[in-house]
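First comes the structure, then the notes that go with it.
The values are calculated or read from the model by the stated rules, or taken from the named source; none is laboratory data. In this text the structure is predicted, and so the values were computed from the model without any measurement. A quick note on method: Cβ atoms are made from the backbone with ideal geometry, for glycine too, and the neighbour counts reach across all protein chains shown.
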Amino acid sequence: MNSPSMTSQSLTEKFALIHEHWRHKVVAQLNGQELKLAKLCGVFPWHHHEHEDEMFLVWRGRMKIEFREHMVELGAGEFCVVPRGTEHRTMADNEVEVLIFEPSETRNTGNLVDNEFTAPNGVRI
């Protein structure tokens, strides 16, 4: 039997399974990295990841990544890599669908633990 990583997967179908904002879901693992999908809307708290870079790739919609010195706006098909240790926060005026690439078990809120925004790790769809 083929493993899930050796079959075709649909991002549209996977995003349809996500019904909450800021709660990423793992859809693939490779080389110590996870590919996570998330729907974002509103403003995420300021945080940083001490040891991990993370990449945001917009699938649908528009979002912003705010840094202390500037802001990056992303639309469908655009991405940005946030270097480790860089304080940032993400935001979207309307719901946006995002692919996130980062090392396995990276906490979405980095150095921050927040009852509303910290998502459980390892939740797969």
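Worth pointing out:
- Residue under evaluation residue 27, criteria (1) part of a loop (DSSP other than H, G, I, E, B); (2) touching a helix residue (DSSP H, G or I) at 6+ places or on another chain (Cβ under 8 Å); (3) aliphatic (A, V, I, L, M), criterion not met: (1)
- Here residue 114 does not qualify as surrounded by fewer than 17 Cβ atoms within 10 Å (Cβ to Cβ), farther than 21 Å from residue 15 by Cβ and within 12 Å of the chain's Cα centre (by Cα).
- The numbered conditions (1) modelled with pLDDT of 95 or more; (2) assigned to a loop (DSSP other than H, G, I, E, B) are all true for residue 66 except (2).
- Looking across 44, 79, one residue alone is more than 15 Å from residue 108 (Cβ to Cβ), surrounded by 13 or more Cβ atoms within 10 Å (Cβ to Cβ) and out of contact with any Cys (no Cβ under 9 Å at 6 or more places or on another chain). It is 79.
- Neighbours by Cβ (under 7 Å, 6+ apart or cross-chain): first from the stretch 99-117, among the aliphatic types (A, V, I, L, M); second buried (at least 16 other Cβ atoms within 10 Å of the Cβ) and in a loop (DSSP other than H, G, I, E, B): 100/24
- Qualifying residue in the stretch 53-61 (condition: surrounded by fewer than 18 Cβ atoms within 10 Å (Cβ to Cβ) and of a type in the set (Val, Ile, Thr)): no
- Every pair of residues 6+ apart whose Cβ atoms lie under 7 Å, when the first sits in the stretch 50-72 and is more than 17 Å from residue 97 (Cβ to Cβ) and in contact (Cβ under 8 Å) with a residue 24 or more places away in the chain while the second is assigned to a strand (DSSP E or B) and of a type outside the set (Gly, Ala, Ser): 52/102; 52/103; 53/81; 53/82; 66/88; 66/89; 66/91
- Only one of the listed residues (12, 90) is among the hydroxyl-bearing types (Ser, Thr, Tyr) and either buried (at least 17 other Cβ atoms within 10 Å of the Cβ) or in contact with a Ser or Thr (Cβ under 8 Å, 6 or more places away or on another chain) (or both). That residue is 90.
- Options 74, 37: the member that is assigned to a strand (DSSP E or B) and more than 16 Å from residue 20 (Cα to Cα): 74
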